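Here is the structure we will look at, set down as structure tokens.
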Amino acid sequence: MPFTSEAGGTGIDSNYDVLVIGAGSSGCAVAARVSEDPNIRVGLVEAGPDYPAIEDTPYDLVNSHNNSYTDHDWGLRYEPTSVREDRLPRGKVVGGSSAVNTTIALRGVPEDYDEWADAGNPGWSWKEVLPAFNRLERDIDFPDEPYHGDSGPITIRRYPHDELLPQHQAFLAAAEEFGYPACADANDPQDWGAGPHPMNKLGRLRISGAVGYIAPARIRPNLDILPERLAVRLLFERDRCTGVTVRSASGEMAEIRSKLTVVCAGALMSPCVLLRSGIGARKEVEALGVDLVRDLPGVGKNLSDHPALSVLCDVKDGSLIDFDAPIIQTILRYTAPGSDKRNDLQIEQISFAGRKNGPPQFVIAPVLEYQYGRGWLTLDSADPDVMPRIENRFCEDERDAERLATCLEYTLRFAREGAVADMVEAIRFPDPQRGGSREDFVNLARKFSGSGYHPCGTVKMGPAEDAMAVVDAGGRCHGTEGLVVADASIMPHVPRANTNLTCFMIGEQIGEWIRTGPQNYGI
């Protein structure tokens, strides 16, 4: 392949103070916050395309009523359990997965972040991350609450009752009938129960990182957006990272130099970039034919996510099912009996399921929000076109299997009793003829659990004495200089929430640390 400098005839500098690898939720936030200082030159590298104007943005990215599944996707596969394989959608575009997701804007509970801090990560307690959560959001419904923001880049609102689809109104009515409290704001740090989802959308428009963070930052002369450039490997001079080798859509290879490189490629791609660059377990790096830069065995390990199941229902009235309607609007959060992890279970009403030309169906989904088990990912080749092998091993931990089985039991009640059940013709899955004992539900969890699409933890942050920690509490890679990781991969464990807002928060937190304390990052 031809090899050039990025500067050659492109009008783009090949030398930056800060180079951000990956324009997903965290990367957009980092690039936008750091570039607020006009004296810091920032480059934002993204493997996928960029759409600078809303009117030129493809419909699948605008349409927040449903996910974009294929047009801007990496094409990843994963093994949720040891007996099956499935696809794992991830966004490949400026905005990353925030540009293709369901726009659920949950934060988790304060205990999530206090656990991060207690694991040796100062700066990440609830009290310390709350300002970043507030700074990133414009909450239309609760702007005056001290735990909300009213002027951030990510607009958040909730569907009022008269905008809820009939199945979602029925879901909330059934939850009330079953004794769950009403929860007007699922981001109230102490609340629980059933209510409307907080969502980062306005009508049909998805407020992604590209819309909220990058659109207003494009005017800055010190910010360059470099789309359709795949990060092949990081460049090192001994243990100092000096930039990245990228490959353009046409196959041209180029080097981009930087004083500080911030990897924000996500929980599945950031560890791949590190491994291809010589950072990881010695045996794994050497098996790829790559020179070892730093022996950090935690790279690719500690994969955490939200195991989920589905109660698939045939619906009596086909007019209820509209594939152009919002796919989700409501949520129930509660604590498993006997659990000391508050709000560790979640039930969601999904508006439609199946195929448009198939029988009318919807889903009620039980989700495990606090996971004990861990998975991993590995690379079989240093070729950047070879995708990682991803093994989640959901519910192999007995605590996970038992609590998800409990959640499945509670979810089935919605399909059998009350306002939602009145809409149900039959339960298609789990097959009622195949048993309904506790043991049956545990086995279902072990066999059929799937990803909530919230992978994290594969470049875990922690102190140097933690053998599996890869970065410190500032995102700085242990044993190296000039290299930071700032995205879902650094989370010690998945929060009790969809991870998009937490990824924005990580970008806000580390982006502000870089902007206000560049000397702490070598710039």
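Phi angles of the range 480-491 translate, via the Karplus equation with coefficients 6.51, -1.76, 1.60 and θ = phi - 60°, into HN-Hα couplings of 10, 10, x, 10, 10, 10, 8, 6, 4, 5, 8, 4 Hz per residue; Gly and Pro are given as x. Spatially, the range 232-279 and the range 353-396 are offset by 26 Å when compared through their Cα centroids.
Each Lys or Arg adds one and each Asp or Glu subtracts one; over the other residues with Cβ under 11 Å from the Cβ of Ile225, this totals -1. Within a straight-line Cα-Cα reach of under 24 Å, Lys283 can be paired with the following lysines, leaving aside sequence neighbours fewer than 8 residues apart in one chain: Lys301, Lys460.
Coupling constants for the range 341-349 follow from the phi torsions by the Karplus curve (6.51 cos²θ - 1.76 cosθ + 1.60, θ = phi - 60°), and in residue order they are 10, 4, 6, 8, 10, 8, 10, 10, 8 Hz; glycine and proline get x.
P(r) tail for the range 337-432: Cα pairs beyond 15 Å make up 70% of the total. Highest average first, the peptides 424-433, 262-271 ordered by how many other beta carbon atoms sit within 10 Å of their residues are 262-271, 424-433. Compared with the dominant Cα axis of the chain, that is its longest principal axis, helix 398-416 is turned about 50°.
Every read-out reported here was derived from the displayed coordinates using simple, explicitly stated rules and does not represent laboratory data. Computed from a predicted structure; not experimentally measured. Virtual Cβ from ideal backbone geometry, glycine too; neighbours counted across all protein chains shown.
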